[in-house]
Amino acid sequence: MKLYYMPGACSLASHILLREAGIPVELERVGRDKKTEHGEDFLSVNPKGYVPALRMEDGDILTENVVVHGYIADLKPGAKLAPAHGTKARVKQDELAVYISTELHKSLGALFNPAITDDARKATIDKAYTRYKLIEEMLSDGRTYLTGDQFATVDAYLYTVTNWAASLKVDLSAFPKLLAYQARVSARPAVQASLVAEGLIKAA
């Protein structure tokens, strides 16, 4: 398999999950010019133009974060990255994944637009804060990860988009449980290895 990624982008979540599941994958970096590091036209891989794109074993391309994450989890059920299909636990985890995608990923992602106005930026951050308040409440019972003590697909996703806050100058100090959660996830070996491989941190 091959994962098309941009360093630190939302594709980082898929990268982390592949490592958590122990699935060998080739990494192909995509540039802002939509060319890959080996000269492929990324738009011919994914006409949508954004990462992640996962080339599966049969050569077909899979896109969209929530779908890619679920596919990785289902490839290696022993890694327990998601509950079994047909269970209430899986439906609830999928619900949380969509919440992260539509309410946090899209909100924070909008802040990367250099043309965003000050008023729009404030409104976007205020909206994100209301969404993070719910996450903070979820973590208030002392759980290690979003769904309990087991690291799951939603943890890789929330960690990745929340990791953008510092570079976007979004102050998350009002959410101490979220910040502690981010530190726990960051310390996982698969996360550290992914960050190193994408050139986001230096190897220890």
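Would it be correct to say that TYR99 is of a type in the set (Phe, Trp, Tyr), under 25 Å from ARG19 (Cα atoms), touching an Asp or Glu at 6+ places or on another chain (Cβ under 9 Å) and not assigned by TED's automatic domain parsing to the domain that holds VAL51?
In short, no.
Matching residues to (1) touching a Leu at 6+ places or on another chain (Cβ under 9 Å); (2) touching a residue at least 24 places away in the same chain (Cβ under 8 Å); (3) over 24 Å from LEU3 (Cβ atoms):
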{"site": "LEU146", "(1), (2), (3)": "yes, yes, no"}
{"site": "VAL154", "(1), (2), (3)": "yes, yes, no"}
{"site": "LYS169", "(1), (2), (3)": "yes, no, yes"}
{"site": "TYR181", "(1), (2), (3)": "yes, yes, yes"}
{"site": "ARG188", "(1), (2), (3)": "no, yes, no"}
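Residues that are under 19 Å from GLY49 (Cα atoms) and without any contact (Cβ under 8 Å) to a residue 40 or more places away in the chain within segment 67-79 comprise just one, VAL67.
Do we find that TYR4 is among the aromatic types (Phe, Trp, Tyr) and outside any helix (DSSP H, G or I) in this structure?
On the way: among the aromatic types (Phe, Trp, Tyr): yes; outside any helix (DSSP H, G or I): yes.
Yes: the conditions hold for TYR4.
Of the set (1) under 24 Å from VAL51 (Cβ atoms); (2) without any contact (Cβ under 8 Å) to a residue 40 or more places away in the chain; (3) touching a helix residue (DSSP H, G or I) at 6+ places or on another chain (Cβ under 9 Å), all apply to PRO83 but (1). Residues in segment 1-60 that are touching a Leu at 6+ places or on another chain (Cβ under 8 Å) and among the polar types (S, T, N, Q): SER11, SER14. Put simply, of LEU108, LEU62 the only residue that is not β-branched (Val, Ile, Thr) and not assigned by TED's automatic domain parsing to the domain that holds GLU20 is LEU108.
Condition check ((1) surrounded by fewer than 18 Cβ atoms within 10 Å (Cβ to Cβ); (2) assigned to a loop (DSSP other than H, G, I, E, B); (3) within 15 Å of the chain's Cα centre (by Cα)) across all residues:
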{"residue": "PHE151", "(1), (2), (3)": "no, yes, yes"}
{"residue": "VAL154", "(1), (2), (3)": "no, no, yes"}
{"residue": "LEU158", "(1), (2), (3)": "no, no, yes"}
{"residue": "LYS169", "(1), (2), (3)": "yes, yes, no"}
{"residue": "LYS177", "(1), (2), (3)": "yes, no, no"}
{"residue": "VAL185", "(1), (2), (3)": "no, no, yes"}
{"residue": "VAL191", "(1), (2), (3)": "no, no, yes"}
{"residue": "SER194", "(1), (2), (3)": "no, no, yes"}
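The values are calculated or read from the model by the stated rules, or taken from the named source; none is laboratory data. Just so it is clear, the model here is predicted, and its values are computed rather than measured. Quick reminder, even Gly has a Cβ in these numbers, built from the backbone with ideal geometry, and neighbours come from all protein chains shown.
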